[in-house]
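The values are calculated or read from the model by the stated rules, or taken from the named source; none is laboratory data. Only a predicted model underlies this, so the values are computations on that prediction, with no experimental measurement involved. All Cβ positions, glycine included, derive from the backbone under ideal geometry; neighbour counts span all protein chains shown. We work out accessible area using only protein heavy atoms, side chains counted, and drop any ligands, DNA or RNA first. Shrake-Rupley method; radii C 1.70, N 1.55, O 1.52, S 1.80 Å.
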Amino acid sequence: MIFDFKFWHYFTRQGELIHNLHESEMRRFNQRLAWIFALGLLVFALREIWGMNTSSLTPYLAAGEWDTYTLARWTSLAGTLIWAGLYLAFHSYGVAYLFARITKMPWRSALVMQTYVLALLIIEKAITFVIFAVVGYTLPVSMLSFGPMAASFLDVPFLTFFFNQLTLFTALIVAVQYRYVRSFTEYSPKKVLFALILIHVVVALAVASFSLIPLDEIIADFTRGGASVE
């Protein structure tokens, strides 16, 4: 049997989709995934156009260097789109490949699983962007994460960045991955859940550690030929 992959139809009917993946051949999946990629690129582009993560370009605008500022914004937009493409590809094809190799679940099923994970990540970024656009400014932490709470009670930047990676959508992502891995592997439910939680915690720790690296200063010193020595 053959069934058509309908993204929104199966969004809240994951059990039906898992059953169909077990029993039938799927078609029209690539077209739906392409649309998700397009929406993801659009969200990243809108964030960049609005001005998120472009504060380093403000001095050009303040100095009246319009041509330099315009070129810098276009370059920044191009870089954002390239990064967005890599981000979307990794969280779909890259992570699906890792799940397929490590858990031995079917490649197609792993890719379908990650398609919904990717959609949740895009929705989270879109909601965060809308909130920032409405209030008119950005914050270093997400309103949907535990970052603001950590910043209120803990005066440790690392912990703030760590908890900022743990959001309401992280729980939804774990739930989606748990359901698929359980359905397409023979691992015990407890081991699957523990492994998924551990993976997301380790990733959050890695991202938090990376966030503490002063990349702006490193790049600035590199472009000046190294830090000045007095």
### Options LEU118, LEU205, LEU111: the member that is part of a helix (DSSP H, G or I) and at pLDDT below 95
LEU205
### Message
Quick check on ARG47: is it modelled with pLDDT under 95 and in contact with a Ser or Thr (Cβ under 8 Å, 6 or more places away or on another chain)?
### Response
yes
#### Entry: Of the criteria (1) open to solvent by less than 70 Å² (accessible area, probe 1.4 Å); (2) out of contact with any Lys or Arg (no Cβ under 7 Å at 6 or more places or on another chain), which one PHE146 fails
(1)
### Of residues in region 1-17 being assigned to a helix (DSSP H, G or I) and under 24 Å from the mean Cα position of the chain (by Cα), the one surrounded by the fewest Cβ atoms within 10 Å (Cβ to Cβ)
TRP8
### Task
Return a yes/no flag: does region 95-103 have any residue that is under 30 Å from PHE184 (Cα atoms), in a helix (DSSP H, G or I), free of Cβ contacts under 8 Å to residues at least 60 places away in the same chain and in contact with a Ser or Thr (Cβ under 7 Å, 6 or more places away or on another chain).
no
### Query
Going by the structure shown, is PHE161 farther than 25 Å from SER183 by Cα and either aliphatic (A, V, I, L, M) or out of contact with any helix residue (DSSP H, G or I) (no Cβ under 7 Å at 6 or more places or on another chain) (or both)?
no
### Query
What number goes with the only condition from (1) surrounded by fewer than 16 Cβ atoms within 10 Å (Cβ to Cβ); (2) in a helix (DSSP H, G or I) that LEU139 does not pass?
(2)
### Message
When you scan region 163-180, do you find a residue that is hydrophobic (A, V, I, L, M, F, W, C) and more than 18 Å from the chain's Cα centre (by Cα), even just one?
### Response
no
### Message
Under 7 Å between Cβ atoms, which residue pairs at least 6 apart in sequence (or on different chains) link something in region 69-89 that is more than 12 Å from LEU42 (Cα to Cα) with a partner that is open to solvent by 50 Å² or more (accessible area, probe 1.4 Å) and of a type in the set (A, V, I, L, M)?
### Response
TYR69/LEU61
